[in-house]
Amino acid sequence: MSVEVKWEDSDPQTGQRRFITVQKFAGRWQFSVRHSRRGESRPIQPTREMLEVLLDRLQRRYQRREGVSDLELQQVRTLLAHYRDPPQLERTRPMPLLAQLATLGFVLSADGQRVLLIHRNRRPDDPHWGKYNGLGGKLEAGEDVVAGLTREIREEAGIECLSLRLRGTVSWPGFGRNGENWFGFIFIIDTWQGTPLTANAEGELVWCELADVLAGRLPMWEGDRLFLPLVFGPREQTFHGVMPYANGRPIGWSYSLLPTTSPPSDQPPRPAPPPATDRP
């Protein structure tokens, strides 16, 4: 005659109610579980807690002489004695993010309605081939982010930055050609001096309508459309985002907003920059 034991408990991982059934067939104990009274039953490997419940139920039946033998009790005791908990996955500290530091700047026209972008159309092997990008590039050793940005814009556009604003930062895990991580500091350049170049070694420099940029009418990186509204959003806030990339496309986007700090009231206002020349 087979022995069958049933009980209800809660799944320790999900908290969901479950129905455990244990049956003895051909000398072996078989465990199964259902998640509703009429749900489909599926076999499971018993845990230590299940074996302890089974032993307790069998001992009670044995004491009441309800068809449980000494041999069956001994079998379950042996299972418990030889039970080994599954190995726990070793918890390791997450690896620190190692990223290429970079700057990205958007130079505005005098009326704030146009932005100077580079159309990357010089080198077919360029990962940015065919796209419109802001100006900037990798930070060099010994540079702070402002010095790095002003150098890049001087080299790429031939103009000098007179006033700029940090609008936010973006972490791009996996953005590089070989899966490298990038971390960018993003600026708006409100005031500048000089005559912008019309092209450089990477492509043509083009004044684009800001409305077209924000409406997605230009070929740009897919992820740019996610953070550009924040770049050109309210001045009172800066953003700090994370945009993981895989196979050249963003697979996520999240950000935090912080209020832009104001100078202490006891400090005099900063003088206005010298007038810009040759503005469009």
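Listing for the model above:
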quantity	calculated
Near pairs, Cβ below 7 angstrom, 6+ apart or cross-chain, from the stretch 154-176 (among the acidic types (Asp, Glu)) to any residue that is surrounded by fewer than 18 Cβ atoms within 10 Å (Cβ to Cβ) and assigned to a strand (DSSP E or B)	Glu156/Asn200; Glu160/Gln193
Filtered residues of the stretch 28-42 (kept if exposed (fewer than 10 other Cβ atoms within 10 Å of the Cβ) and either among the hydroxyl-bearing types (Ser, Thr, Tyr) or in contact (Cβ under 8 Å) with a residue 12 or more places away in the chain (or both))	Arg37
Pair list, Cβ < 6 Å and 6+ apart or interchain, from the stretch 83-104 residues that are farther than 25 Å from Val146 by Cβ to residues that are outside any strand (DSSP E or B) and modelled with pLDDT under 65	none
Residue in the stretch 241-256 that is loosely packed, with under 11 Cβ neighbours inside 10 Å, modelled with pLDDT of 80 or more, assigned by TED's automatic domain parsing to the domain that holds Ile159 and within 22 Å of Ser163 (Cβ to Cβ) present	no
Qualifying residue in the stretch 5-15 (condition: surrounded by 15 or more Cβ atoms within 10 Å (Cβ to Cβ), touching a residue at least 12 places away in the same chain (Cβ under 8 Å) and either more than 36 Å from the chain's Cα centre (by Cα) or within 20 Å of Gly67 (Cβ to Cβ) (or both))	yes
Filter result for Thr195 (in the same structural domain as Trp129 (by TED's automatic domain parsing), in contact (Cβ under 8 Å) with a residue 40 or more places away in the chain, of a type outside the set (Lys, Arg) and exposed (fewer than 13 other Cβ atoms within 10 Å of the Cβ))	yes
Selection within the stretch 212-244 - outside any helix (DSSP H, G or I), over 12 Å from Phe187 (Cα atoms) and of a type in the set (Val, Ile, Thr)	Val242
Unique match (being at positive phi and surrounded by fewer than 19 Cβ atoms within 10 Å (Cβ to Cβ)) among Gly233, Gly179	Gly179
Within the stretch 53-68, considering residues that are loosely packed, with under 14 Cβ neighbours inside 10 Å and without any contact (Cβ under 8 Å) to a residue 40 or more places away in the chain, the one nearest to Tyr83 (Cα to Cα)	Asp56
Among the candidates Leu210, Leu230, Leu226, Leu218, residue that is more than 30 Å from Asp125 (Cα to Cα), at pLDDT 90 or above and of a type outside the set (Phe, Trp, Tyr)	Leu230
Hey, Ala141 part of a loop (DSSP other than H, G, I, E, B) and among the hydrophobic types (A, V, I, L, M, F, W, C) or not	yes
Inter-residue pairs, beta-carbon under 9 Å, first on the phi > 0 side of the Ramachandran plot and in the stretch 126-152, second of a type in the set (Phe, Trp, Tyr), 6+ apart	Gly136/Phe185; Gly136/Phe187
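The values are calculated or read from the model by the stated rules, or taken from the named source; none is laboratory data. Quick caveat: nothing in here was measured; it's all calculated off a predicted structure. When we count neighbours, we look across all protein chains shown, and the Cβ atoms used for this are built from the backbone with ideal geometry, even at glycine.
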